[in-house]
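Single-structure report; data block below.
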């Protein structure tokens, strides 16, 4: 695969755009499932930037950070979805505006 | 040349699928678009010489994590009225302000990456190199990840267990 020269700039541009879209989703949605999905998109965008930087210098470090991001995402989603089940049970809705009191 | 074309196609698919995922009213539809976006990112990983990361992206992200979302959405049984409510919340007057803020952040990030130059390296970083580095200098990070996953396991078991008990 010689002649492979995707500019690093463009990969980082894609990553930046994905991160911005994820943040937009995080701000405009009130459903907790969509909020968790937006977090996934943002983590994925950061992972893309890490892997691209690792590929730029030909070092494995970027992919190792990708592995760490992967485990963070997995742990976050497991706990987050457990919370989704609790919120649905207690408030009978997934809208976070209805669940804004500490002792609902 | 072919790789570059493939990269732009995959990047376009990833961005379009993510935008569609963020704007759907139905959670399952959004999830399917999100899986498409993750698969497109996996293609990008493969093209920039990270086949191990590409495989993990498909197996863990698009496979395991998204299946968790599907399980929970199916358990909750959301229905049509939830969709209608979501659709009502997606009006321009609601998303205009956040969109402006995201655009500002994007402009800042764009300014910061605009000075970076050079292509990504053409040689692949194989799974063997990643493994050697992972259990060499980064072994502490592996331990931390293990503790984090254990904490996630205990936390989700606790939350899910109480959910199941009080159902009766």
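Worth pointing out:
- Each part reduced to its alpha carbon centroid, region B:1-39 and region B:70-99 end up 19 Å apart.
- Taking the fewest neighbouring Cβ atoms within 10 Å as the starting point, the ordered list for B:18, A:16 is A:16, B:18.
- Average beta-carbon neighbours from other chains, 10 Å sphere, peptide B:67-78: 4
- Relative contact order for chain A, counting Cα pairs under 8 Å that sit 6 or more residues apart, in percent: 26 percent
- Reciprocal of mean inverse Cα separation for the protein assembly as shown (Kirkwood radius, Å): 19.6 Å
- Two-site FRET efficiency, residue B:2 against residue A:90, from Cβ-Cβ distance with R₀ of 51 Å, rounded to 0.05: 0.40
- Two-decimal ratio, chain A, of alpha-carbon radius of gyration to 2.2 N^0.38 Å: 1.37
- Axis angle, to the nearest 10 degrees, between helix A:61-91 and the longest C-alpha principal axis of chain A: 10 degrees.
- Förster-model FRET efficiency, 45 Å R0, residue B:140 and residue B:115, C-beta, rounded to 0.05: 0.85
- Those residues of region A:5-39 whose amide nitrogen sits under 17 Å from the label point placed on residue B:107, 7 Å along Cα→Cβ: A:17, A:20-21, A:24
- On the basis of the beta-carbon distance and an R0 of 51 Å, residue B:55 and residue B:91 show a calculated FRET efficiency of 0.80.
- Mean Cβ count within 10 Å, highest first, over the residues of peptides A:82-90, A:41-49, B:87-95: A:41-49, A:82-90, B:87-95
- Residue B:99 paired with residue B:12, simple spin-label distance in nm, labels 7 Å along Cα-to-beta-carbon: 2.2 nm
- Average partner coverage of B:124-132, which counts Cβ from other chains inside 10 Å: 4
- For chain A, the longest principal axis of the C-alpha atoms and the axis of helix A:8-28 are separated by about 10°.
- Per-q log10 I(q)/I(0), region B:2-122, q = 0.16, 0.17, 0.19 Å⁻¹ (Debye; single scatterer per alpha-carbon; no solvent): -0.99, -1.07, -1.17
Laboratory data are not the source of any read-out in this text; all were calculated from the coordinates shown. Every value quoted in this text rests on a predicted model; they were computed, and no experiment measured them. Counting neighbours? That spans all protein chains shown, and the Cβs are built from the backbone with ideal geometry, glycine included.
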